[in-house]
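Written out below as structure tokens is the structure these notes cover.
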Amino acid sequence: MKKAALVAAALLTATPAFAGNVEVFVAPEEPMVEEPMGSNAGWVVPLLAVVIVGAAIAVSQD
């Protein structure tokens, strides 16, 4: 009787070791960030600021 309980306990503890599948885990590809190859938009805001300041100076000199 002790052997039957020992075998049952061993089988119950060994069962999670066999759970799952045998396929190798393949990590998903990481997304690549592509930089825009068109025009550089970093000059738009400073140019707009210069135009606004120039217009304000032109209007205030009247």
Additional length obtainable on full extension of the chain from Ala58 to Val24, 0.36 nm per residue less Cα span: 5.2 nm
Met1 paired with Leu47, simple spin-label distance in nm, labels 7 Å along Cα-to-beta-carbon: 9.3 nm
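Values quoted throughout were computed directly from the atomic coordinates according to the rules given, and no laboratory measurement underlies them. Everything numeric here is computed off the predicted structure, so don't read it as measured data. With ideal geometry, Cβ positions are generated from the backbone for all residues, glycine too; neighbour counts draw on all protein chains shown.
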